[in-house]
Amino acid sequence: MTQKLIAVSPRKAALFEYEDEAVQAHQVKVQIQYASPKHGSELAEFRGESPHVNDYYNEEWHAFIPRDDTNKSDKFGKWNLGNQWVGIIVEAGSDVTDYKVGDLVCGYGGIRETHIVNAVDNYYLLKMPDTMPWKNALCFDPAQFALGGIRDSGLRIGDTVAIFGLGAIGALAAQFARLAGASYVAVIDPIARRREAALRAGADAAFDPLSQDIGLELKKATGKLGVDVIIETSANGGALQSSLRGLAYGGTIAYVGWARAFKGGLDFGREAHFNNAKIVFSRACSEPNPDHPRWSWRRIENECWAILQTTRVNCEEIIDPVIPFAECAEGYEEFVDQHPERSVKLGVRF
């Protein structure tokens, strides 16, 4: 019997047994080797904080109810956890021509031992070259929003940049900023291991918002000018306030984070106006793209996949830690929900 990771109630994960159905003519069966969850929107759902999660959680029965989305729930009424996976095709249907048994592939879906997916018309069943690191493949989803933020910010060669928040999106945005020609990249996060990893990946400076005045530090680092571009991925009100203070006159803040309602402390007064700040809300999958018709979400996806296949970005310390599948229920609760400071993007090894 095979198993998958599910949420049985808010903030409670468990492994759940399932049986695979027969592989149809247009499908392939993939034996999963590695997987990873999302630490943003998925975590909000896991905690019961997402605006739409109540549509699927029944208070009386204390259980998630089914929804019409095979990626997230199924006939058992459990909420599947996980975002992306890497695995080997072990069975292929008779109509499948573009894939074969033994192919290494990446796809979207829950953390489970097997996936049966459409292989005839499925862009998101992505073939991986043998040289592609599996950790790079599992960063395909956050890479899209990191690249979207960089593009929406208008970053140009020589610009100075600050990245707020060093989850997977922010960590990748810092590397993309360097690829885009930034002359200076600062990273801001309260978690030391994330700052240190970003520095090893090429950031010029790292700041702790809990002990440092970030707006002041960014002005000091740039000869009092402030940075040209800020990529804000943390969705924290204090971070946005610091962004307004550390931005150069006429600079741009690309707001990538998925924020909840701010409770106070955000001031759009004196400094925001004096800095003539521009705030662009960035979401890579919203169409039409700001650069439509030349750019679209699909073009962003294609470019991210091409970059991730190379050594131009390093995801070794973004997928961290990596735990055995047998421990992933406890690990999800610990590293994703209860102690996010102990991880960047959780990896699961099968």
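Being acidic (Asp, Glu), closer than 23 Å to PHE207 by Cβ and in contact (Cβ under 8 Å) with a residue 60 or more places away in the chain holds for only one residue in ASP159, ASP189, ASP141, and it is ASP159. Screening the stretch 18-45 for residues that are of a type in the set (Gly, Ala, Ser) and over 27 Å from the mean Cα position of the chain (by Cα) and picking the one that is most open to solvent (accessible area, probe 1.4 Å) gives ALA22. Of the residues making up the stretch 74-91, those that are surrounded by fewer than 21 Cβ atoms within 10 Å (Cβ to Cβ) and either within 11 Å of GLN27 (Cα to Cα) or of a type in the set (A, V, I, L, M) (or both) are ILE88, VAL90, GLU91.
List the residue pairs whose Cβ atoms are under 7 Å apart, where the first residue sits in the stretch 262-277 and is at positive phi, the second is open to solvent by less than 70 Å² (accessible area, probe 1.4 Å) and not in a loop (DSSP other than H, G, I, E, B), and the two are 6 or more positions apart or on different chains. What qualifies is GLY265/GLY237; GLY265/GLY238; GLY265/GLN241; ASN276/GLY250. Given the criteria in a helix (DSSP H, G or I), crowded, with 18+ Cβ neighbours inside 10 Å, among the hydrophobic types (A, V, I, L, M, F, W, C) and in contact with a helix residue (DSSP H, G or I) (Cβ under 8 Å, 6 or more places away or on another chain), does CYS315 qualify? For CYS315, the condition - in a helix (DSSP H, G or I), crowded, with 18+ Cβ neighbours inside 10 Å, among the hydrophobic types (A, V, I, L, M, F, W, C) and in contact with a helix residue (DSSP H, G or I) (Cβ under 8 Å, 6 or more places away or on another chain) - is not met.
For the stretch 251-299, the set of residues classified as closer than 16 Å to VAL227 by Cβ, open to solvent by less than 60 Å² (accessible area, probe 1.4 Å) and at pLDDT below 90 consists of ALA272, ASN275, listed by residue number. Hey, any hits in the stretch 196-205 for a residue that's without any contact (Cβ under 8 Å) to a residue 24 or more places away in the chain and assigned to a loop (DSSP other than H, G, I, E, B)? Yes: the stretch 196-205 contains one or more residues that are without any contact (Cβ under 8 Å) to a residue 24 or more places away in the chain and assigned to a loop (DSSP other than H, G, I, E, B). For the stretch 318-349, enumerate the residues that are open to solvent by 20 Å² or more (accessible area, probe 1.4 Å) and either part of a strand (DSSP E or B) or of a type in the set (Lys, Arg) (or both). If the condition is that a residue be open to solvent by 20 Å² or more (accessible area, probe 1.4 Å) and either part of a strand (DSSP E or B) or of a type in the set (Lys, Arg) (or both), then ASP320, PRO321, VAL322, PRO324, ARG342, ARG349 are the ones that fit. Here ALA235 meets each of (1) closer than 21 Å to PRO142 by Cα; (2) touching a Ser or Thr at 6+ places or on another chain (Cβ under 8 Å); (3) assigned by the TED database to the domain that holds ASP152 with one exception, condition (2).
Matching residues to (1) aliphatic (A, V, I, L, M); (2) assigned to a loop (DSSP other than H, G, I, E, B); (3) touching a Pro at 6+ places or on another chain (Cβ under 8 Å):
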| residue | (1), (2), (3) |
| --- | --- |
| GLU91 | no, no, no |
| VAL105 | yes, no, no |
| GLY110 | no, yes, no |
| TYR124 | no, yes, no |
| GLY148 | no, no, no |
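Of all residues in the stretch 4-17, those that are under 26 Å from PHE140 (Cβ atoms) and open to solvent by 10 Å² or more (accessible area, probe 1.4 Å) total 2. Do you know which of the residues in the stretch 228-250 that are of a type outside the set (A, V, I, L, M) and not in a helix (DSSP H, G or I) is least open to solvent (accessible area, probe 1.4 Å)? Filtering first and then ranking leaves GLU232. Taken over the stretch 166-181, residues that are open to solvent by 10 Å² or more (accessible area, probe 1.4 Å) and outside any helix (DSSP H, G or I) amount to 3.
The values are calculated or read from the model by the stated rules, or taken from the named source; none is laboratory data. All values reported here derive from a predicted model rather than from experimental measurement. Reconstructed Cβ throughout: ideal geometry from the backbone, glycine too, with neighbour counts over all protein chains shown. Each accessible area value is taken on the protein alone, full model and side chains, heavy atoms only, with ligands, DNA and RNA left out. Shrake-Rupley method; radii C 1.70, N 1.55, O 1.52, S 1.80 Å.
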